[in-house]
Structure formats: structure tokens, C-alpha cells
Amino acid sequence: CSPGKLWGGYRYNSPGRVISEIRHIMENSKRGYIHFFDDLFTSPPRRIREISKAVVKEGSNRRVAFGGHIRANLMNTELASALVAMNFVSGAFGAESGSERILNKLKCGSSTIRQNQDTIDLCHSAGISLSVSFVIGTPGEKAEDLEATLGFINRNKKRTEERRGGKGGRTRWS
């Protein structure tokens, strides 16, 4: 994601600070949903586990739903469980391309198509709805790269657009 490239590093708020801000929002508004607009919200994963435990301990997960950006290269069963425990119902990530060649160019090897697919599968099974974004027209992109991206979208679109019970269940493609 962009923060490290733009600013040469990434600083994040401590779990205590995040919980304090959640508490403030809940005490001063009647919001039923809080979205974390942070490209690297799930980084580092141990921070999310701590935030999730605190949200559950305070009972915030019973009063508000959460959403935010996730990273495919960090997503695993443990992280998904922590997100679900805190009532994280909506996520977003940049899959960027269905072509490994273009994905390597865009993400500098930090993410793979397999990780993107695994993230979609994991979130789908956990009931976390997703907004997945792609980049079309990357310099040097060929017809077969675009076809690979469209194939990736089509393979996932039908499965993820079906309505399911519980939380989430839909994927928006952007």
C-alpha cells in the first residue's frame, strides 16, 4: 500500500488509542457502524488481535459493527477470527490484477494472486463482505493480462455476490 512508499514508513495508533477513539465515537453519537479508513488497518496483525480482545471485553462488538481495509498478504484464519469476534463485517482490499506479472509490477512482490484468492475465500466463509479493487491499464499490460484479471473477477463474482445469512456476504468489484 501507499503509506510506506509515500512517507518512507508507517506509524499506527496503539490498541489503547484505537479503543479510546471507538469509546469516544460510541459515547458521542448513535453510530451503528465504524469504518477504519486506514490502508494498513490490519498491520501488524498482533495489534488487531489486541484491539479485537478489547472491543469484545468492553462489549462494543454487540453495539456497533466495524469495517476497514485489509491486506491479502496478512490475512489468515487467526486474523479473520479476530476480525469476526470484534464484529468486523465489511472489508476492502486492492487485488489490483489477476495477472501475476502485473501484480508483481504493482505490488513489488508483496502480494500474490493465491493470497488474493485465499483472502476472498476466507472472508466469504467468515461472513465478511468485501470491496475488491483492480487497476486496469497498467503500463505494459497486455491483452492476456487483462483477460487474466477479468477471469479472476468472473471466477469470484458469482460466488461472492450470492446473499447469505449472517453478517456480510456480498462483494463489490471496483
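Between residue 10 and residue 147, the simple label model (points 7 Å from Cα in the Cβ direction) yields a spacing of 3.5 nm. Working from Cα pairs under 8 Å separated by at least six residues, relative contact order for the chain is 18 percent. Counted over all Cα-Cα pairs of region 31-131, pairs farther apart than 20 Å make up 35 percent. Extension gain, residue 76 to residue 35: 0.36 nm times the residue separation minus the Cα-Cα distance gives 12.7 nm. Measuring r between the beta carbons of residue 56 and residue 117 and using R0 = 25 Å, the FRET efficiency lands at 0.30.
Each residue of region 98-106 was assigned a 3J(HN,Hα) from its phi angle through the Karplus expression (A = 6.51, B = -1.76, C = 1.60, θ = phi - 60°), giving x, 9, 4, 4, 6, 4, 4, 5, 6 Hz with x at Gly and Pro. So for region 68-121, Kirkwood radius off the Cα pairs, Stokes-Einstein at 20 °C and 1.002 mPa s: how many µm² s⁻¹? Rounded to a whole number, D works out at 184 µm²/s. Each label was represented as a point 7 Å from its Cα along the Cα-to-Cβ direction; for residue 136 and residue 21 these points are 3.3 nm apart. Residues whose amide H comes within less than 5 Å of that of residue 95, counting only those at least five positions distant or on another chain, are 133 (H built at 1.01 Å from N in the peptide plane). For the chain, what log10 I(q)/I(0) values come out of the Debye formula at q = 0.09, 0.13 1/Å, with one point per alpha carbon and no solvent? The calculated log intensity ratios at q = 0.09, 0.13 Å⁻¹ are -0.33, -0.67. Taking the Cα centre of the chain as origin and assigning +1 to Lys and Arg Cβ atoms and -1 to Asp and Glu Cβ atoms, the resulting dipole is close to 560 debye. Sparsely packed loop sites in region 1-82 (the chymotrypsin sites (Phe, Trp or Tyr not before Pro) outside DSSP H, G, I, E and B with at most 14 other Cβ atoms within 10 Å) comprise 12, 37.
Based on DSSP H segments of at least four residues, each scored -39500 (n - 2.57), the chain has a per-residue ellipticity at 222 nm of -15000 deg cm²/dmol.
Throughout, read-outs are computed from the coordinates displayed, never taken from laboratory work. This one's a predicted model, so the numbers in the text were calculated from it and none came from an experiment. Neighbour counts are summed over all protein chains in view; Cβ atoms, including those assigned to glycine, are modelled from backbone coordinates with ideal geometry.
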